[in-house]
Amino acid sequence: MDGTLQLPATSPSDTDALIADALAGLTQPEKSLSPKWLYDHRGSALFEQITTLPEYYPTRTEAGILRDNAAALAALVPQGGALVELGSGASVKTRTVLDAGAHFGAYVPIDISRDFLFETSDDLRLRYPTLDILPVVADFTRPVDLPTSLEQTAKVAFFPGSTIGNLVPERAQALLAGVRAWTDTRAFILGVDLVKDTRDLVAAYDDAQGVTATFITNILERLNREAGADFDLDAFAYRASWDPDLARIDMHLVSRRAQSVSLGGQVVAFAAGEPIHISAARKYTADSLATMAAQAGWSVATRFTDGQERFAVAVLTPDPAA
């Protein structure tokens, strides 16, 4: 984690998309970078390290909920059906459900990080030799083409980690609606982080070891490496803050001084103290979760939570009236 992983060459189309997206965000009055670019090979590995930190309660809390309710969650998938995971990463928590799902026909991990996804899929094939592992390289915030072999297969979507909270409400609703439109989708297992004490929330996104700061700053390093930018990484500071009105943690990189950066043949100027918004992590209540689900054609069938009500794994089912 402390070292730099060797990355495969990025294709020209990926590089063009990275530059175009970065320039679109950095030339706005309020600068931003899309969090999807955090997850290159190194970024994915850094995030996996974050999930083991003492301050980062969501992963271990959700893992406990999944362990305690694995049989009930696996039972949502019909005999021979498919579990389809959005943003699968290393698929660590997913194994709890897969272990309880000997009747599954297929597991479809969807992730934007191609090499990381394929490495994980190879490992899963060794762990689950009778299960069809069908990885899909895709940006799950956009429409996803599932394997054609699963067109008539019953599906249950799985989206743990409260990653839904990283999306703006419009994107979150669009994602839920998109999954609702899949053929024969029986349920959606959704991990959501809950509103709680502000100190616990901020600490989870600004750990004492600085791993989260490294993870967020890696987006600038990626722009330097893949897009030929010249960001001075030491000239930006990481900041995490809680916005009670929007019920979310905001993650920024703040320019320590006035400076200019070259990117894609353009020059981007930063004032001292000017932030780049990198990511947001929205938190939910029972009411806000139900509202979000209903707007996309789902009903909250049940919620599994830990004893302290810190995190929830919600089971959404299609609303027949939608």
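Please treat every number below as a calculation from the coordinates, not as lab data. Predicted model only: the values in this text are computed from it and were never measured. Counting neighbours? That spans all protein chains shown, and the Cβs are built from the backbone with ideal geometry, glycine included.
Where Rh denotes the Kirkwood radius from the mean inverse Cα pair distance, what is Rg over Rh for the chain?
My calculation puts Rg/Rh at 0.96.
FRET efficiency for Val92 and Gln28, Cβ-Cβ distance as r, R0 = 30 Å, nearest 0.05?
My answer for the efficiency is 0.25.
For Gln259 and Glu48 in one chain, what is 0.36 nm times their gap in residues minus the Cα-Cα distance, to one decimal in nm?
The span from Gln259 to Glu48 would gain 72.7 nm if fully extended.
So if I place +1 on the C-beta of Lys and Arg and -1 on the C-beta of Asp and Glu, and nothing else carries charge, what would the dipole magnitude of the chain be about its Cα centre? I want it in debye, nearest 20.
Here the size comes out at about 440 debye.
Take every DSSP beta bridge with both residues inside the stretch 168-322 and express the antiparallel ones as a percent of the total, to the nearest 5.
95
To the nearest 20 debye, what charge dipole does the stretch 80-137 have about its Cα centre, counting +1 at the Cβ of each Lys and Arg and -1 at the Cβ of each Asp and Glu?
Rounded to the nearest 20 debye, it is 120 debye.
Using packing as a proxy for protection, rank 215-226, 83-94, 194-205, 23-34 so that the peptide with the highest average count of other Cβ atoms within 10 Å comes first.
By packing density, highest mean first, the sequence is 83-94, 215-226, 194-205, 23-34.
Given 0.36 nm per residue, what is the gain on full extension from Asp245 to Arg114 after removing their alpha carbon distance, in nm?
43.5 nm
Name the residue farthest towards the positive end of the dipole of the stretch 177-322 from the options Gly264, Phe215, Val195, assuming +1 on Cβ of Lys and Arg, -1 on Cβ of Asp and Glu, about the Cα centre.
Selected residue: Val195.
Taking Cα pairs under 8 Å and at least six residues apart, what relative contact order does the chain come out at, in percent?
Contact order relative to length: 20 percent.
What residue among Ala74, Leu18, Ile110 has its Cα farthest toward the positive end of the dipole of the stretch 1-129, where the charges are +1 on Lys, Arg and -1 on Asp, Glu, each on the Cβ?
Toward the positive end, the furthest listed residue is Ala74.
Among the listed pairs Lys93/Lys155; Lys93/Lys283; Lys36/Lys93; Lys31/Lys93, which have their C-alpha atoms separated by more than 25 angstrom in this model?
Check vs 25 Å cut-off fails for Lys31/Lys93.
How far apart, in nanometres, would the label points at His103 and Val137 be if each is projected 7 angstrom from Cα along the Cα-to-Cβ direction?
Between His103 and Val137, the simple spin-label model gives 3.6 nm.
In whole Hz, with x marking every Gly and Pro, tabulate ³J(HN,Hα) for the stretch 48-56 from phi via Karplus 6.51 cos²θ - 1.76 cosθ + 1.60, θ = phi - 60°.
4, 5, 4, 5, 9, 6, x, 6, 8
Please give the charge dipole size of the stretch 10-83, origin at the Cα centre, charges +1 on K and R Cβ atoms and -1 on D and E Cβ atoms. Round to the nearest 20 debye.
With Lys and Arg at +1 and Asp and Glu at -1, about 160 debye.
Taking springs between alpha-carbon atoms closer than 10 angstrom, which of Gly43, Gly80, Gly165 fluctuates most in the Gaussian network model of the chain?
The residue that fluctuates most here is Gly80.
Which one, Gly64, Ser88, Thr27, is farthest towards the positive end of the dipole of the chain when Lys and Arg carry +1 and Asp and Glu -1 on their Cβ?
Gly64
Can you tell me the order of 237-247, 294-304, 183-193 when each peptide is scored by its average per-residue count of other Cβ atoms within 10 angstrom, highest first?
For the peptides 237-247, 294-304, 183-193, the packing ranking is 183-193, 294-304, 237-247.
Looking at the chain, send over the antiparallel percent of its DSSP beta bridges, to the nearest 5.
In the chain, DSSP labels about 60 percent of beta bridges as antiparallel.
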